[in-house]
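Here's the structure we're looking at; comments come further down.
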Amino acid sequence: MFTYAWYQWLAFFYIYCFCGWIFESAYVSLKSRRLVNRGFLRLPMLPLYGTGAIMMLWVSIPVQDNLLLVYLSGFLAATALEYVTGWTMERLFKMRYWDYSDQPFNINGYVCLGSSIAWGFLTILLTEVIHKPLERFVLDADPTVELCILAVVTVLFVTDTIQSVKAALDLGRALEAMTKMKAELEEMQVQLALLKAEAADRAEAMRSEAVDRAAAFRDEAEAFRNEAADRAEILRNEAVDRAAALRDDMVSRAAAFMPKGAVGDMTALVKQLSALYEKRNRLANHSTFYRRRLLRDNPTAFSKRFEDALKELRKNLE
């Protein structure tokens, strides 16, 4: 048992990828109450299950006559595979496609005791029940026909994997870029608000000063007007001079109303804000088949760092 040609191992891998897809899609569909084409690929395959099944078979070969050791080997090997796969996918794609953080005895949310126990029992079920009829089916198949089918499936699988990985990487970069843009937008809005507040403060100060100067000028003019008639002409001339001086002073203060370069800074900030909003909207609304599928068919996938951006992308699909 478990001594096969390379192409037979490949056949088992694809079969267990398909079986894993059936199990996972059925479970998530029932939970979501809608049909869900579960998985990372467009094809009805889940490579994690295929890889896990092959690993379970490999590690159980030396201990296949001892069910306890079969259980322990599957427990450890599958747990290690799940942890490494989850950690790697999150680092590459900026998203976590499964999470056990709410389960007891979990390790960084990638694995938990409950799933590991289940992997151990699944290893026994696989080696003692599931694999035997599949083994007969693969071994009894005509090698030529089997190789032809495997060649076609491999081409489709590799093509789909490349497209899916590319889409997942693009999605991860989009989440990162959108989050960075949001931080930049918030910073620009703060700068713009500060400039506006400073301008408002200067306007209020200038208005108060102008009111005070006008009142003082009126008081002084009234005092002059009550003086002797022989000073009327002098008063008029002096009032004209003072009015001109006040006007010139107000003009110069109006020119200094905004801090140096503030108008240019505000204009530049507004232009940058508009450009950044437009760029972020294009990034958020850009959608391909693979991106839509990754978002729609992995409802439990999430990202702690890019949670807001991920919510925005999912909202755009609705």
Inset, instruction - Quick one: what are the phi-derived ³J(HN,Hα) couplings along region 58-71, Karplus 6.51/-1.76/1.60 with θ = phi - 60°, whole Hz, x for glycine and proline? - result: 4, 6, 8, 4, x, 10, 5, 8, 10, 5, 5, 5, 4, 4
Legend entry - Theoretical gain in end-to-end length, PHE137 to LEU35 [0.36 nm per residue, Cα-Cα removed]: 33.8 nm
Inset, instruction - Mind computing the radius of gyration and Dmax over the alpha-carbon atoms of region 5-50? Å is fine for both. - result: 11.7, 42
Inset, instruction - Would you work out if region 36-142 is rounded, prolate or oblate? Take a ≥ b ≥ c from the square roots of the eigenvalues of the alpha-carbon gyration tensor; rounded if a/c is under 1.5, else prolate when a/b is larger than b/c, oblate otherwise. - result: oblate
Inset, instruction - Using a 1.4 angstrom probe on heavy atoms only, work out the carbon and sulfur share of the accessible area of region 96-159 in %. - result: 74
Inset, instruction - Pull up all non-local amide H partners of LEU46: gap of 5 or more, or a different chain, and H-to-H distance under 5 Å with H placed in the peptide plane. - result: PHE18, GLY20, TRP21
Legend entry - Inter-part distance where region 1-62 and region 136-209 are each reduced to a Cα centre, Å: 27
Legend entry - Debye log10 I(q)/I(0) for region 80-127, one point scatterer per Cα, at q = 0.13 Å⁻¹: -0.32
Inset, instruction - Kindly write out, for region 164-178 in residue order, the coupling ³J(HN,Hα) from the Karplus curve 6.51 cos²θ - 1.76 cosθ + 1.60 (θ = phi - 60°), rounded to whole Hz, with x marking Gly and Pro. - result: 5, 5, 4, 5, 5, 5, 4, 5, x, 5, 5, 4, 5, 5, 5
Inset, instruction - Report, by chain and number, residues whose modeled amide H sits under 5 Å from the one on MET95, excluding near sequence neighbours (fewer than 5 apart, same chain). - result: none
Legend entry - Subset of LYS31/LYS182; LYS166/LYS304; LYS166/LYS315; LYS94/LYS132 violating a 30 Å alpha-carbon distance limit: LYS31/LYS182; LYS94/LYS132
Inset, instruction - Could you list which residues have their amide H under 5 Å from that of VAL36, counting only those 5 or more apart in sequence or on another chain, with H placed in the peptide plane? - result: SER29
Inset, instruction - Rank these residues by their accessible area, most exposed first, probe 1.4 Å: LYS166, LYS182. - result: LYS166, LYS182
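The values are calculated or read from the model by the stated rules, or taken from the named source; none is laboratory data. All figures in this text were calculated on a predicted structure; none of them were measured in a lab. Ligands, DNA and RNA are excluded from the accessible area calculation, which covers all protein heavy atoms including side chains. Shrake-Rupley method; radii C 1.70, N 1.55, O 1.52, S 1.80 Å.
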